[in-house]
Every structure is written in C-alpha cells, then in structure tokens.
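See structure below.
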Amino acid sequence: MKAIDKPYIILSAAMTIDGKIASKEGDTDISDDRDWKEVHKLRTKVDAILVGKNTILADNPKLHIKFYSHSGYFRIIVDSNLSIPLDSNVITYQPELYPTIICTTENVSIDKISEYKAKSIEVITSGRKERVDINIMLLKLYQMGIRSILLEGGGNLNWSFIKENLVDEIRLTIAPWIIGGQDAISLVEGDGFSRMKDAPRYYLSKVKTRNNYVKLKFLKLT
Ligand SMILES: NC(=O)c1ccc[n+]([C@@H]2O[C@H](COP(=O)([O-])OP(=O)(O)OC[C@H]3O[C@@H](n4cnc5c(N)ncnc54)[C@H](OP(=O)(O)O)[C@@H]3O)[C@@H](O)[C@H]2O)c1
C-alpha cells in the first residue's frame, strides 16, 4: 500500500525531567535563552509550525521567528469549532510574513468561516467528527505545498500525531526540574497505548548536554 503524501513532522518541546510541558497552573517557563534560540533556528528550517487550540488560549503565542534571517512560514492551528479569539496574536501579528491557516471540521458554519477569512485567515476543513481529522488535514496541507511541519504541541495534539504514527523526528529539551501534578500537561496526553509493541519506536540520533539541560534528537525507526 502506498504511504499517504504528508509533510515531514518534527515534534519539538521543552519538558521537565518528569515529562511535563507546563505546570498545573500553566507555567511554561522551561527553556532558557539558549534553548529558545535553538527553537527559533529550527523554525527557520520548516515550511510551517503547528499548535493546538489550547496552546493558543493558554499562551497567546506569536509563533514568529526571532534571532535569524528568514522568509517566514505558515502558522497552523487545529481548532475543531473555530473558536480562537480573532484578536489572538497568531491572527494579528505580522500576517504578511506568517500567514495563518486554521484547520477545523466540516461542522462549522460558513458564516463563522467567513469571519476568519475576513481577517485573511485560510480556513481548511478536515472531517465531520468531533475533532479535526489529522490525516485529511496533512494531505490537504501537503497539496498546498507544505512539506515540513514543526509540531509544537501541546500534549493532546501530540497524542493525536503519535497515535497515528505520524511523527518522523523528535527534538526534546529536558530541563532540570521536576514539577509533578496530575493536572500538569505531559509531553503526550491522550489514552496512550496498552503495549510497548504497539507504540511508535524511535532511535536516538543525537545527544547534547549543557548547563544541566539535555537536548535529544530522535528519528523514526523504519
Ligand atoms: N513546553 C512546551 O514545549 C510546550 C509546547 C506547546 C504547548 N505547551 C503547553 O501545553 C498546554 C496545552 O496543551 P493541551 O494538551 O491542553 O492542548 P493542545 O494540544 O494545545 O490543544 C488541544 C486542543 O486542540 C483541539 N484539537 C482539534 N483537533 C484535534 C485533534 N485531532 N487532536 C488533538 N487536539 C485537537 C482540541 O480542542 P477543540 O476540540 O475544542 O478544538 C483540543 O482540546 C499549554 O499549557 C501550553 O502552554 C507547552
């Protein structure tokens, strides 16, 4: 069977020793300045960055590129009911350099889609289920010419990609804290797999350490 045409997916995150990407109160101050710089460098190498709706609501990120010269990229958000505020930074901040695509479901009304299109947002629909169908979305993004995507979470969106075995590469920064808390978001949330043999497996391609931080690069075992 032919594999589906999809962009190359790099999952990138900073997490604590115990695998949390935010504290129970939503504190994400995990990276240091050097790590942030490296994240921005990685952003220059992809066609698009992708995050989930909750990350937009929690952090209101610009998802822009600092420190390096570049020619911009697409910002992509998954939002099943098309509900992120129209004044979110991801909509208002430098749209000419970082065009924004919101992926939603076919359950959303044409009127609602028009509100976002009026703000120069590209809206694509993927499936009629409760949540965005990631496989349909990736095929549509590929057809739009997007060949590589930096997946920057959060934990629920990461699970949707891991569940479908869609992550080709993982770039992890482990920061020297243990924060705990069952309500603190982990790198990957969701139902999880029951058995190790069902889970996607990766090989460790690079390890770097500095200043008590560990940087890991994993590639998909094919
Ligand atoms: N440390 C780091 O590197 C890092 C990076 C990113 C985020 N974070 C943190 O992670 C937290 C947010 O993570 P989160 O897990 O709560 O949310 P998330 O993954 O950012 O967003 C999940 C939401 O996206 C929407 N969605 C639509 N289709 C989906 C699909 N097929 N699969 C999954 N989600 C889909 C759903 O909301 P609707 O159904 O309502 O649309 C879902 O609840 C924030 O605290 C943020 O700061 C940390």
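The values are calculated or read from the model by the stated rules, or taken from the named source; none is laboratory data. Source: prediction; values computed, not measured. Ideal geometry is used to build each Cβ from the backbone, glycine not excepted, and the neighbour counts take in all protein chains shown. These accessible areas exclude ligands, DNA and RNA; they are computed on the full protein's heavy atoms, side chains included. Shrake-Rupley method; radii C 1.70, N 1.55, O 1.52, S 1.80 Å.
Quick one: Ile149 ticks every box in (1) under 30 Å from Asp35 (Cβ atoms); (2) within 13 Å of the ligand (Cβ to nearest atom); (3) hydrophobic (A, V, I, L, M, F, W, C); (4) in contact with a Leu (Cβ under 9 Å, 6 or more places away or on another chain) except a single one, so which number is it?
(2)
Just one of the numbered conditions (1) within 30 Å of Gly72 (Cβ to Cβ); (2) outside any helix (DSSP H, G or I); (3) within 13 Å of the ligand (Cβ to nearest atom) is not true of Met137; which one?
(2)
Quick one: in the range 56-76, which of the residues that are within 14 Å of the ligand (Cβ to nearest atom) and in a loop (DSSP other than H, G, I, E, B) is least open to solvent (accessible area, probe 1.4 Å)?
Result: Leu63.
Can you name the number of the only condition in (1) free of Cβ contacts under 8 Å to residues at least 60 places away in the same chain; (2) away from the ligand (no atom under 13 Å from the Cβ); (3) open to solvent by 70 Å² or more (accessible area, probe 1.4 Å); (4) more than 19 Å from the chain's Cα centre (by Cα) that Arg128 fails?
Going through the list (1) free of Cβ contacts under 8 Å to residues at least 60 places away in the same chain; (2) away from the ligand (no atom under 13 Å from the Cβ); (3) open to solvent by 70 Å² or more (accessible area, probe 1.4 Å); (4) more than 19 Å from the chain's Cα centre (by Cα), Arg128 breaks only (2).
Among the residues of the range 148-170, is there at least one that is of a type in the set (A, V, I, L, M, F, W, C), over 29 Å from Asn107 (Cβ atoms) and surrounded by 14 or more Cβ atoms within 10 Å (Cβ to Cβ)?
yes
Tell me yes or no: at least one residue of the range 102-115 is in contact (Cβ under 8 Å) with a residue 40 or more places away in the chain and either outside any loop (DSSP other than H, G, I, E, B) or open to solvent by less than 80 Å² (accessible area, probe 1.4 Å) (or both).
Checked the range 102-115: no residue is in contact (Cβ under 8 Å) with a residue 40 or more places away in the chain and either outside any loop (DSSP other than H, G, I, E, B) or open to solvent by less than 80 Å² (accessible area, probe 1.4 Å) (or both).
Going through the range 13-33 one residue at a time, which ones are open to solvent by 90 Å² or more (accessible area, probe 1.4 Å) and in contact with a Phe, Trp or Tyr (Cβ under 8 Å, 6 or more places away or on another chain)?
Answer for the range 13-33, where residues must be open to solvent by 90 Å² or more (accessible area, probe 1.4 Å) and in contact with a Phe, Trp or Tyr (Cβ under 8 Å, 6 or more places away or on another chain): just Ile17.
Among the residues of the range 81-100, count how many are surrounded by 12 or more Cβ atoms within 10 Å (Cβ to Cβ), within 18 Å of Leu57 (Cβ to Cβ) and not small (Gly, Ala, Ser).
Qualifying residue count, the range 81-100: 10.
I need a count of the residues in the range 156-173 that are more than 9 Å from the chain's Cα centre (by Cα) and under 14 Å from Leu187 (Cα atoms).
Count: 11.
Sort through Asp29, Asp79, Asp33, Asp18 and tell me the only one that's within 10 Å of the ligand (Cβ to nearest atom) and farther than 29 Å from Ile110 by Cα.
From the options Asp29, Asp79, Asp33, Asp18, the qualifying one is Asp29.
Within the range 135-146, can one find any residue that is farther than 19 Å from Asp47 by Cβ, within 16 Å of the chain's Cα centre (by Cα) and at pLDDT 95 or above?
Looking through the range 135-146, none of the residues is farther than 19 Å from Asp47 by Cβ, within 16 Å of the chain's Cα centre (by Cα) and at pLDDT 95 or above.
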